[in-house]
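Taking it in order: structure first as structure tokens, then the write-up.
None of the figures in this text is laboratory data; all of them are computed from the coordinates on show. The shown structure was predicted, so the numbers you read here are calculated from the model rather than taken from an experiment. Because the Cβ atoms are built from the backbone with ideal geometry, glycine has one as well, and the counts that use them run over all protein chains shown.
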Amino acid sequence: MSTEDTSPKINPGDIILWPMLKLDYETDRQRIAALLPPGIEPSATSQVHLTVYNFPVPDVPEYGILITVDASYKGEDGLYTLGYGIDQESAIFVSRDRNGQPKYPCEITYYRMLDTVRARCSHQGYTFLEFEGKVGGDLPHPESHAETEWWIKVSPGVGMLPEATYDFPPHVVRVHTSYGTACNQKVEGKLTLRDSPWDPIAELLPMQSEVSARLWTPNSFERDIALAGKLDGDAFAPFIDTIGGSRWPGENGGPRQR
């Protein structure tokens, strides 16, 4: 593992190459299993991964939060993506319709001021995540590595039919991304998950460990997105009507009923 200073050098005021705030913690395996559609399985590990970021998509800054959990499909371990809450509308529908990427509108505050890092995520008037911490020392750079995300592409059938019909039945999308590391810094801080009927991380994926926090900047990556297999349409039916397309439990396209 290298600790050589390869941190990105950017023009003053530029918004590219911002580090991602990576927040990871353990939760209960059965909590994860309850959120996975039939065909996607819990893996041997039971972590929740929250990534707050600012990244140009395609050429304007997209502030977002990525919510994933450890999961497996056809024996391959990866990350099942519950949602991408983002602050720009233009990237929501094309991403979801083309690739099944579960993006939905979200208000994001994320910045570093000297050694202080702050993040706040809100949706439908509910602030569901807050983080504040201090940047510590550099962490060793992990070796170049790959990550696999699982998304679901589906198009329900047109019309108000009582049974589940599809114009495009549910398929698993495999997203395989290769990364290097430009900068990796430890952050000591506090993650607060707040109750929200729209983004119920606190309720459905409670923390069962201390949070691991770091600022991480990839230096380059390649991404491959492809269909990986078809899910059972009848078994998937309860997952059609979900919050913001993010595959959280939902009812009639609105927030969960308590």
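By the count of other C-beta atoms within 10 Å, a proxy for reagent exposure, K153, K103, K9 are ordered fewest to most as K9, K153, K103. So which lysines can K74 reach, going by Cα to Cα under 19 Å and dropping same-chain residues fewer than 8 places off? K74 reaches K153, K230. The slack between V60 and D97, meaning 0.36 nm per residue of separation minus the straight C-alpha distance, is 11.3 nm.
Potential lengthening of the chain between H171 and Y126 amounts to 13.1 nm, from the contour at 0.36 nm per residue minus the alpha-carbon distance. Footprinting exposure proxy ranking of E62, E132, fewest other C-beta atoms within 10 angstrom first, gives E132, E62. Toward the positive end of the charge dipole of the chain, with +1 on the Cβ of Lys and Arg and -1 on the Cβ of Asp and Glu, the farthest Cα among S220, P102, Y80 is that of P102.
The slack between E41 and M207, meaning 0.36 nm per residue of separation minus the straight C-alpha distance, is 57.7 nm. The charge dipole of the chain, taken about its Cα centre with unit charges on the Cβ of Lys, Arg, Asp and Glu (plus for the first two, minus for the last two), comes to roughly 240 debye.
With a cut-off of 14 Å between beta carbons, the residues surrounding P56 carry a summed charge of -4, where Lys and Arg count +1 and Asp and Glu -1. Counted over the chain, the DSSP beta bridges are approximately 95% antiparallel.
Once both labels are positioned 7 Å from their Cα atoms along Cα-to-Cβ, the gap between A226 and R29 label points is 3.0 nm.
If you line up the long axis of helix 90-99 against the longest principal axis of the chain, both from Cα atoms, how many degrees apart are they, to the nearest 10? Approximately 60 degrees, to the nearest ten.
Short-range pairs are left out: with C-alpha atoms under 8 Å and at least six residues apart, the relative contact order of segment 1-126 is 16 percent. By the beta-carbon count within 10 Å of each Cβ, the least crowded to most crowded order of M207, M20, M160, fewest first, is M160, M207, M20. Note: relative contact order over the chain, using C-alpha pairs below 8 Å and six or more positions apart, is 21 percent.
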